[in-house]
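These notes concern the structure reproduced below.
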Amino acid sequence: MKSFCHLICIAVLLLSVSCDLNLSSGDLVFVSSESSDFEKSIVSVTKNVDKLLNFTHVGILNVTDSGIFVIEAIPEKGVVYTNIQDFKAENKNGILYFASLKPKYKKYVNKALWRAYSHLGKGYDYAFDFKNDLYYCSELVYDAFVYASGDSMFFETPNMTFKEIGTEEILPYWVEYFEKIDVPIPEGKSGINPNGLSQSDKLKIKKSKF
């Protein structure tokens with residue numbers, strides 16, 4: 001009985017959160033965190049110098065009668081389907097922000113969700129390579145909406161850099177990272193990252209945080 005009541009309380013809490021933030025399927029959840037070397041190194045080469053917040057992870061929301069879930073791509077696990085409470089716990093050192101597609105683009109949500117679902121179980125793209133059938137977090141979001149819209153530039157894909165901002169030197173972390181996976185550093189190749197994605201003119205970042 002206690003367990004059942006606990007589940008009911010969680011469901012009510014999630015419903016309240018969903019209503020307060022006006023969350024809906026197809027919204028994106030961004031994580032601002034620098035608690036790991038991986039996250040710190042992402043920020044070092046992608047940070048918004050004019051902003052206090054720098055995002056290191058992103059996923060796609062699916063809001064259902066059973067709760068709120070996130071389709072995401074994470075190291076070691078690949079593409080997974082995560083309950084929002086577990087997602088929050090896994091990112092306990094970060095702050096979660098939400099973004100919704102502007103009204104004219106919401107017609108792509110269902111097809112984008114289907115596309116993202118189709119990748120569940122696939123591996124994480126440690127090489128940050130658009131051409132393989134593996135996915136990193138923002139690549140998963142990019143792929144889903146490109147497929148749904150038929151527009152390869154639905155989200156911008158600027159040339160990647162692994163140089164610390166303000167220098168011409170590859171950050172030592174990334175030199176070691178790519179040596180470990182035996183892949184050339186993809187400096188200058190097309191890519192996408194959570195910070196860049198968050199600045200898309202197709203999105204509206206919600207001020208509230210969870």
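The values are calculated or read from the model by the stated rules, or taken from the named source; none is laboratory data. On a predicted model such as this, the values are computed, not experimentally measured, just so you know. Don't worry about glycine lacking a Cβ; one is built from the backbone with ideal geometry, like all the others, and counts go over all protein chains shown.
When each of Glu164, Glu169 is tested for being over 30 Å from Thr64 (Cβ atoms), crowded, with 16+ Cβ neighbours inside 10 Å, in contact with a strand residue (DSSP E or B) (Cβ under 9 Å, 6 or more places away or on another chain) and modelled with pLDDT under 95, the lone residue that passes is Glu164.
Considering Glu156, Glu176, Glu139, Glu168, which residue is touching a residue at least 24 places away in the same chain (Cβ under 8 Å), outside any strand (DSSP E or B) and more than 23 Å from Asp86 (Cβ to Cβ)?
On the way: Glu176 fails: touching a residue at least 24 places away in the same chain (Cβ under 8 Å); Glu139 fails: more than 23 Å from Asp86 (Cβ to Cβ); Glu168 fails: touching a residue at least 24 places away in the same chain (Cβ under 8 Å).
After ruling out the rest, the residue left standing is Glu156.
For the stretch 176-210, the set of residues classified as surrounded by 13 or more Cβ atoms within 10 Å (Cβ to Cβ) and of a type in the set (A, V, I, L, M, F, W, C) consists of Phe178, Val183, Ile185, Ile192, Leu197, Leu203, Ile205, Phe210, listed by residue number. Residues in the stretch 93-118 that are in a helix (DSSP H, G or I) and of a type in the set (Lys, Arg) were compared, and the one that is surrounded by the most Cβ atoms within 10 Å (Cβ to Cβ) is Arg115.
Would you point out which residue out of Ile205, Ile181 is among the β-branched types (Val, Ile, Thr) and either under 17 Å from Val43 (Cβ atoms) or under 15 Å from the mean Cα position of the chain (by Cα) (or both)? Break it down into steps so the answer makes sense when it comes.
Values: Ile181 fails: either under 17 Å from Val43 (Cβ atoms) or under 15 Å from the mean Cα position of the chain (by Cα) (or both).
Exactly one residue qualifies, and that residue is Ile205.
Listed conditions (1) surrounded by fewer than 14 Cβ atoms within 10 Å (Cβ to Cβ); (2) of a type outside the set (Val, Ile, Thr); (3) in a helix (DSSP H, G or I) are all met by Gly121, apart from (3).
Go through the stretch 68-127 residue by residue and tally those that are in contact with a His (Cβ under 9 Å, 6 or more places away or on another chain) and of a type in the set (S, T, N, Q). Break it down stepwise before answering.
Of the residues in the stretch 68-127, the ones in contact with a His (Cβ under 9 Å, 6 or more places away or on another chain) are 71-74, 78-79, 91, 94.
Now restrict to residues that are of a type in the set (S, T, N, Q): 91.
Total meeting the criteria: 1.
Looking across Ser18, Ser44, Ser66, one residue alone is over 19 Å from Pro194 (Cβ atoms) and modelled with pLDDT of 85 or more. It is Ser66.
Against the definition (closer than 21 Å to Tyr173 by Cβ, buried (at least 19 other Cβ atoms within 10 Å of the Cβ) and modelled with pLDDT of 85 or more), how does Ala73 come out, yes or no? Criteria met by Ala73. All conditions but one from (1) touching a residue at least 12 places away in the same chain (Cβ under 8 Å); (2) farther than 26 Å from Lys88 by Cα; (3) surrounded by 13 or more Cβ atoms within 10 Å (Cβ to Cβ) apply to Val146; the one that does not is (1).
Do we have any residue at all in the stretch 126-143 that's under 16 Å from Lys202 (Cβ atoms), among the hydroxyl-bearing types (Ser, Thr, Tyr) and buried (at least 19 other Cβ atoms within 10 Å of the Cβ)? Break it down stepwise before answering.
So the first thing to find is which residues in the stretch 126-143 are under 16 Å from Lys202 (Cβ atoms), and the list is 138, 141-143.
Keeping just the survivors that are among the hydroxyl-bearing types (Ser, Thr, Tyr) gives 138, 142.
Subsequent filtering for residues that are buried (at least 19 other Cβ atoms within 10 Å of the Cβ) retains 138, 142.
Yes, because at least one residue in the stretch 126-143 is under 16 Å from Lys202 (Cβ atoms), among the hydroxyl-bearing types (Ser, Thr, Tyr) and buried (at least 19 other Cβ atoms within 10 Å of the Cβ).
Quick one: which of Pro186, Pro194 is touching a His at 6+ places or on another chain (Cβ under 7 Å) and within 30 Å of Leu61 (Cα to Cα)? Spell out the reasoning first.
Details: Pro186 fails: touching a His at 6+ places or on another chain (Cβ under 7 Å).
Step by step, each of Pro186, Pro194 is checked, and only Pro194 is touching a His at 6+ places or on another chain (Cβ under 7 Å) and within 30 Å of Leu61 (Cα to Cα).
Could you list all residues from the stretch 72-121 that are within 15 Å of Pro194 (Cβ to Cβ) and touching a residue at least 60 places away in the same chain (Cβ under 8 Å)? Answer for the stretch 72-121, where residues must be within 15 Å of Pro194 (Cβ to Cβ) and touching a residue at least 60 places away in the same chain (Cβ under 8 Å): Glu72, Ala73, Ile74, Asn91, Gly94, Ile95, Leu96, Tyr97, Phe98, Ala99.
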